[in-house]
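Novice: So that we are looking at the same thing, I have put the structure below in structure tokens.
The values are calculated or read from the model by the stated rules, or taken from the named source; none is laboratory data. The structure displayed is predicted, hence computed values, not measured ones. No Cβ is skipped: glycine too gets one built from the backbone with ideal geometry, and neighbour counts run over all protein chains shown. Heads up: the accessible areas ignore ligands, DNA and RNA and are worked out on the full protein's heavy atoms, side chains in. Shrake-Rupley method; radii C 1.70, N 1.55, O 1.52, S 1.80 Å.
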Amino acid sequence: MTTTLILWSHALAALLFGGLALWTVRGAAIGLPRRPLATALALTSLWALAVAGIGAGEMVTRIFETLRNLAWLGFMITLHRRDANVRPPLALGTVYGVVALVSIGTLALHIAASVDTREAAEQIESAVLLLRMLVAVAALVLVQALHAALNPQAGGGLRWIATALAGLWIAEFLLFCTEYLGAQPQPQSIAARGVAMVAVALAMVTALLRKGELNVQVSRTVAYQSLSLVAIGAYFALLALATSALATIGGSNARVFQTAFVLGSTAAILTLVSNGWLRAWTKVKLAKHFFRHRYDYRAEWMRFTETLGAPDGTAPLDERIVKAIADLTESPAGLLLVPDGTGLGLGASWNWDRSLFPAASDTPLADHLAGTGRIIELDGVRKDPHGPDAGAVPAWMLDIADAWVVVPLPHMESLAGAILLARPPLDRALDWEDFDLLKVAGRQVASHLAEARAQEALADAQRFDEFNRRFAFILHDIKNLVSQLTLTARNAERHADKPEFRADMIATLKDSAERMNALLARLSQHHRGRSEAPHAIEVVQLVRRVANVRARQHPVLLSGIGTATAHADPVGLEQLLNHLVQNAIDASQADAPVTLAVGADGLVVTIDVVDQGCGMSPAFVRDKLFKPFVSSKPDGFGIGAFEARQLAAAMDGRIEVASREGQGTRFRVILKAAHAADLRQERAA
């Protein structure tokens with residue numbers, strides 16, 4: 001049964017791959033490299049046919065397997081060449097070349113094993129099997145790199161091809177693993193691979209039917225990772241070959257030699273990999289000799305913006321700016337120089353002790369950077385004390401051996417600061433690519449600095465504006481207090497001998513002193529007065545208290561219902577009513593009373609302030625009444641009505657106005673009603 005399944009599954013796979021090859025030659029694979037794809041499909045068909053016809057372990061089958069692998073590798077690298085780049089990065093091409101050479105070497109070793117002695121042939125075949133596993137793993141890595149490099153807008157056909165190729169080499173790798181563990185090929189595993197090949201062929205059919213557009217983008221990270229994985233695979237292959245050789249020549253001490261070699265080589269590799277200088281040197285050399293550009297600008301810019309845009313609480317913005325610039329050149333530390341008078345002073349630092357730097361401001365450096373915008377390499381200044389930048393660089397900066405580069409931060413026509421970078425682990429001179437990247441990044445962080453400083457200035461201006469606004473309100477309240485005290489002083493000349501007047505005068509003075517203290521508290525930026533959150537209060541008592549105080553300077557009448565409970569801030573409501581009552585008194589004749597009327601209907605509570613004064617025109621009420629600093633009175637500030645409406649809005653209330661010229665005005669304060677239970681709860685609390 002297993003033999004039949006091996007035969008028919010591989011035969012069906014050969015038929016499907018052969019049909020796909022013919023279909024591709026006839027032009028079905030739109031948007032794909034047609035000839036490499038047809039070649040790979042045809043060789044895969046011949047390989048499957050050889051497995052079905054003569055067996056998986058025969059020499060002809062191995063030859064077709066090698067040719068199949070080479071064809072698919074050629075097809076994949078062709079996909080990279082058809083990208084927007086003229087050619088793929090040399091590092092990625094090197095990986096393909098190494099995998100191809102290992103595949104050819106595997107075939108050569110297999111041929112050598114077929115003509116050698118039995119004992120040597122077993123050792124060689126074991127190494128061959130390990131190399132075949134290495135080829136399968138490396139091919140899977142390259143398929144993953146191809147899939148990761150696909151543009152998000154790429155069609156689904158190319159993704160299906162990548163998935164099918166992954167399935168092909170996964171099946172191969174699993175077969176090699178079972179063969180390695182069982183010391184010989186298992187028929188069941190070969191049959192399962194045949195079924196997998198049929199599934200791979202069907203996935204290829206789906207890919208060609210979708211006819212997706214080709215769009216591949218090779219990232220530098222993928223190239224580095226591919227080289228790393230190939231290096232790791234090569235290390236394990238070398239390890240297997242070395243241990244096999246030691247087993248042959250080591251005699252009775254072979255196990256000791258093998259253990260010593262594995263431990264020693266592994267320790268050496270880990271020591272080298274953990275060395276930061278070696279990693280930096282390798283990265284620079286790979287970038288210099290394998291890539292057309294040192295930097296992967298997309299990755300660098302994403303890391304740069306991620307550092308700048310880190311959420312608040314991780315690090316201050318100034319420190320993040322230094323780190324973002326330092327990361328571009330792998331500098332381990334940095335210092336921000338900020339405008340200080342006419343020069344540059346010390347700002348935030350990252351991984352650098354600020355005590356190493358003097359606190360003096362460097363005016364020549366600031367002028368030089370602002371005038372030239374040059375990035376200064378300090379090593380060049382140290383070597384040439386008469387160079388164009390030497391006169392501007394301060395001596396303390398040259399005395400610090402780790403000081404490496406000064407990057408200016410120009411913004412518009414000014415200098416937002418500069419960043420001093422520490423020497424990276426791998427010391428090197430800057431080239432044109434470093435200069436271009438640092439210039440662009442410097443302008444970007446300069447805009448962040450300028451925006452942060454603008455926001456700080458705006459916050460300061462808003463604080464001053466808030467102070468001025470409170471002061472304007474307080475001036476209005478002071479004017480009302482002065483009017484009240486002036487009236488009290490005037491009446492004292494006529495009624496000072498009356499005991500009841502003296503008692504009333506003392507009460508007036510106490511009330512005025514309390515209100516002045518409250519005004520001073522409101523003027524403070526840390527203490528905003530005695531305002532409370534709106535809660536249930538008895539309105540009639542508060543209105544009666546306002547009426548009694550104002551009655552000392554002008555006739556005030558109280559009318560309406562005897563009880564009413566509203567949601568309000570008692571301090572704010574009292575201040576609001578004082579504004580409205582004072583305006584009503586100012587607009588009325590000396591003998592014309594001002595009326596305070598309280599009403600309630602279960603939903604809202606109303607407080608009317610009614611006068612019989614000169615009144616206002618509809619245009620004034622509509623356009624000017626509630627605007628600050630606009631008043632119909634010659635000595636008015638135009639603040640009372642404006643602040644009254646703000647206070648009402650803070651309690652979720654509103655003010656309505658009805659006025660006619662020559663007939664008086666009615667201000668109606670409308671508040672939300674509260675239930676008696678709410679009032680009892682407030683009193684209990």
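Novice: Looking at the structure I just gave you, is Ala492 modelled with pLDDT of 70 or more and under 18 Å from Arg545 (Cα atoms)?
Specialist: Details: modelled with pLDDT of 70 or more: yes; under 18 Å from Arg545 (Cα atoms): no.
Against the criterion (modelled with pLDDT of 70 or more and under 18 Å from Arg545 (Cα atoms)), Ala492 does not qualify.
Novice: Please pick out the residue among Ala416, Ala446, Ala390, Ala429 that is touching a residue at least 12 places away in the same chain (Cβ under 8 Å) and in a loop (DSSP other than H, G, I, E, B).
Specialist: Details: Ala416 fails: in a loop (DSSP other than H, G, I, E, B); Ala446 fails: in a loop (DSSP other than H, G, I, E, B); Ala390 fails: touching a residue at least 12 places away in the same chain (Cβ under 8 Å).
Exactly one of Ala416, Ala446, Ala390, Ala429 is touching a residue at least 12 places away in the same chain (Cβ under 8 Å) and in a loop (DSSP other than H, G, I, E, B), namely Ala429.
Novice: A further question on this structure: Report, by residue number, each residue of region 643-662 that is open to solvent by 60 Å² or more (accessible area, probe 1.4 Å), in a strand (DSSP E or B) and closer than 22 Å to Ala674 by Cβ.
Specialist: Arg654, Glu656, listed by residue number.
Novice: Right, something else. Pairs under 9 Å by beta carbon, first residue touching a residue at least 24 places away in the same chain (Cβ under 8 Å) in region 641-659, partner among the basic types (Lys, Arg) and assigned to a loop (DSSP other than H, G, I, E, B), six or more apart or different chains?
Specialist: Ala641/Lys627
Novice: If you don't mind, another one. Can you name the condition, by its number, that Val571 falls short on among (1) at pLDDT 85 or above; (2) more than 16 Å from Ala644 (Cα to Cα); (3) out of contact with any helix residue (DSSP H, G or I) (no Cβ under 7 Å at 6 or more places or on another chain)?
Specialist: It is condition (2) that Val571 fails.
Novice: Go through region 577-592 and report how many residues are of a type in the set (Asp, Glu) and either crowded, with 20+ Cβ neighbours inside 10 Å or in contact with a helix residue (DSSP H, G or I) (Cβ under 9 Å, 6 or more places away or on another chain) (or both). Outline the logic, then answer.
Specialist: The first filter runs over region 577-592 and keeps only residues of a type in the set (Asp, Glu), leaving 586, 591.
From what's left, either crowded, with 20+ Cβ neighbours inside 10 Å or in contact with a helix residue (DSSP H, G or I) (Cβ under 9 Å, 6 or more places away or on another chain) (or both): 586.
Residues in region 577-592 being of a type in the set (Asp, Glu) and either crowded, with 20+ Cβ neighbours inside 10 Å or in contact with a helix residue (DSSP H, G or I) (Cβ under 9 Å, 6 or more places away or on another chain) (or both): 1 in total.
Novice: Output yes when any residue across region 396-413 is assigned to a loop (DSSP other than H, G, I, E, B), in contact (Cβ under 8 Å) with a residue 12 or more places away in the chain and under 15 Å from Leu344 (Cβ atoms), and no when none is.
Specialist: The answer is no, given that none of the residues of region 396-413 is assigned to a loop (DSSP other than H, G, I, E, B), in contact (Cβ under 8 Å) with a residue 12 or more places away in the chain and under 15 Å from Leu344 (Cβ atoms).
Novice: Checking the conditions here, which among Leu577, Leu520, Leu557 is modelled with pLDDT of 90 or more and under 19 Å from Leu481 (Cα atoms)?
Specialist: Details: Leu520 fails: modelled with pLDDT of 90 or more; Leu557 fails: under 19 Å from Leu481 (Cα atoms).
None of the other options fit; the residue is Leu577.
Novice: It is to be established whether one or more residues within region 363-383 are modelled with pLDDT under 85, open to solvent by 30 Å² or more (accessible area, probe 1.4 Å) and over 30 Å from Val95 (Cβ atoms). Walk me through it before giving the result.
Specialist: From region 363-383, those modelled with pLDDT under 85 are none; that's our starting set.
No: region 363-383 contains no residue that is modelled with pLDDT under 85, open to solvent by 30 Å² or more (accessible area, probe 1.4 Å) and over 30 Å from Val95 (Cβ atoms).
Novice: Checking Thr329 against (1) over 23 Å from Glu433 (Cα atoms); (2) open to solvent by less than 70 Å² (accessible area, probe 1.4 Å); (3) among the hydroxyl-bearing types (Ser, Thr, Tyr), only one condition comes out false. Which one?
Specialist: Of everything listed in (1) over 23 Å from Glu433 (Cα atoms); (2) open to solvent by less than 70 Å² (accessible area, probe 1.4 Å); (3) among the hydroxyl-bearing types (Ser, Thr, Tyr), Thr329 misses just condition (1).
Novice: What's the total number of residues in region 449-474 that are at pLDDT 85 or above and open to solvent by 50 Å² or more (accessible area, probe 1.4 Å)?
Specialist: Final tally of qualifying residues: 1.
Novice: Name the residue, out of Ile400, Ile419, that is surrounded by fewer than 19 Cβ atoms within 10 Å (Cβ to Cβ) and at pLDDT 90 or above. Can you show your working first?
Specialist: Values: Ile419 fails: surrounded by fewer than 19 Cβ atoms within 10 Å (Cβ to Cβ).
After ruling out the rest, the residue left standing is Ile400.
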